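One structure is given here, and the rest of the page talks about it.
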Amino acid sequence: VKHPLQNKWALWFFKNDKTKSWQDNLRLVTSFDTVSFAINLLTLFCCYDRVYNHIQAASKLQSGCDYSLFKEGIEPMWEDERNKKGGRWLVNTQKNFRQQELDRLWLETLMLLIGESFGEYSENVCGAVVQIRQKGDKLAIWTGNASDQDANLSIGRKFKERLSLPAKLVIGYQAHEDTMTKTGSVTKSMFTL
Ligand SMILES: CN(C)c1nc(=O)c2c([nH]1)N([C@@H]1O[C@H](COP(=O)(O)OP(=O)(O)O)[C@@H](O)[C@H]1O)CN2C
């Protein structure tokens, strides 16, 4: 028997090909809605084997690449109806995190989403993104309503707790509206944890 998940999820891959538009670089890899498929995917992410599958651990991706896991029907982009009034909890990791920590953090994030771990606020969650970058990798959970402070703070607390990040590693919640229009490299956070 296939145990259904509460939501259907879609895994996306972003490859940084400068010759194409941003949107053309975004590809749907697979979507799933059963526990067994989710477990297979999680094992692929944590003990990938290049020979048997095309899905590699996040830490092995080239710079400029992203993985996104979003609820079926929500595209991992600001412009999607379900994202445009939302924002993201953003974890900026130091360079040395990639080898030891990044895959664990991404796996924990995937399990938080697939496991609907945010209680009453799970329906506010749109998806999660891991981004491999020279200047430092990023991990984010996107929520659908930047002005729902109760939901966003509760989701952020659970996110930071589950990742068991060092207390001094501050995470910020940024509205996509601010990220889209940011001037310079840093977007202001609505709140931090
Ligand atoms: C529909 N559309 C065009 C569009 N829709 C989007 O939703 C969207 C973009 N464009 N993004 C573009 O990528 C650049 C790097 O962002 P980055 O998050 O990779 O961060 P880095 O600067 O590479 O660390 C962003 O500056 C933006 O140009 C990012 N993004 C989410």
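The values are calculated or read from the model by the stated rules, or taken from the named source; none is laboratory data. If you're wondering where the values come from, they're calculated on a predicted model, not measured in any experiment. We place every Cβ from the backbone using ideal geometry, glycine too, and count neighbours over all the protein chains shown. Areas reflect the complete protein model, heavy atoms only, side chains present, ligands, DNA and RNA absent. Shrake-Rupley method; radii C 1.70, N 1.55, O 1.52, S 1.80 Å.
Just wondering, is there one or more residues in the stretch 157-167 that are under 24 Å from residue 14 (Cα atoms) and crowded, with 22+ Cβ neighbours inside 10 Å? Yes, that holds for at least one residue.
For the criterion of being away from the ligand (no atom under 13 Å from the Cβ), of a type in the set (A, V, I, L, M) and open to solvent by 20 Å² or more (accessible area, probe 1.4 Å), residue 193 passes. Among the residues of the stretch 16-26, those that are modelled with pLDDT of 95 or more and either away from the ligand (no atom under 16 Å from the Cβ) or in contact with a strand residue (DSSP E or B) (Cβ under 9 Å, 6 or more places away or on another chain) (or both) comprise 22, 25, 26.
Being away from the ligand (no atom under 16 Å from the Cβ) and either touching a residue at least 40 places away in the same chain (Cβ under 8 Å) or buried (at least 17 other Cβ atoms within 10 Å of the Cβ) (or both) narrows it down to one residue among 101, 75; which is it? Checking each option against the conditions leaves just 101. One residue alone among 37, 45 is of a type in the set (Phe, Trp, Tyr) and either open to solvent by less than 30 Å² (accessible area, probe 1.4 Å) or within 16 Å of the ligand (Cβ to nearest atom) (or both), and that residue is 45.
Within the stretch 78-98, the only residue that satisfies the criterion of being modelled with pLDDT of 95 or more, open to solvent by 10 Å² or more (accessible area, probe 1.4 Å) and either more than 14 Å from the ligand (Cβ to nearest atom) or in contact with a helix residue (DSSP H, G or I) (Cβ under 6 Å, 6 or more places away or on another chain) (or both) is 78. Filter the stretch 123-162 for residues that are over 13 Å from the mean Cα position of the chain (by Cα) and within 24 Å of residue 64 (Cβ to Cβ) and give the result. 133, 134, 135, 136, listed by residue number. Criterion applied to 106, 78 was being assigned to a loop (DSSP other than H, G, I, E, B) and either acidic (Asp, Glu) or within 15 Å of residue 129 (Cα to Cα) (or both), and the one residue passing it is 78. I'm checking my understanding of the structure. Among residues of the stretch 104-140 that are within 13 Å of the ligand (Cβ to nearest atom) and of a type in the set (S, T, N, Q), which one is least open to solvent (accessible area, probe 1.4 Å)? The extreme case among them is 131. Return only the number of the condition from (1) of a type in the set (Ser, Thr, Tyr); (2) free of Cβ contacts under 8 Å to residues at least 60 places away in the same chain; (3) away from the ligand (no atom under 16 Å from the Cβ); (4) open to solvent by less than 50 Å² (accessible area, probe 1.4 Å) that residue 143 does not satisfy. Of (1) of a type in the set (Ser, Thr, Tyr); (2) free of Cβ contacts under 8 Å to residues at least 60 places away in the same chain; (3) away from the ligand (no atom under 16 Å from the Cβ); (4) open to solvent by less than 50 Å² (accessible area, probe 1.4 Å), only one is false for residue 143: (3). Would you check if residue 37 is hydrophobic (A, V, I, L, M, F, W, C) and over 21 Å from residue 140 (Cβ atoms)? Yes: the conditions hold for residue 37. Any residue in the stretch 147-156 that is without any contact (Cβ under 8 Å) to a residue 12 or more places away in the chain and of a type outside the set (Asp, Glu)? Checked against the condition, which is being without any contact (Cβ under 8 Å) to a residue 12 or more places away in the chain and of a type outside the set (Asp, Glu), the stretch 147-156 yields no hits at all. Checking 146, 128, 151 one by one, the residue that is assigned to a strand (DSSP E or B) and within 24 Å of residue 7 (Cα to Cα) is 128 and no other.
Annotation: of all residues in the stretch 52-72 being in a strand (DSSP E or B) and of a type in the set (Ser, Thr, Tyr), the one that is nearest to the ligand (Cβ to nearest atom) is 68.
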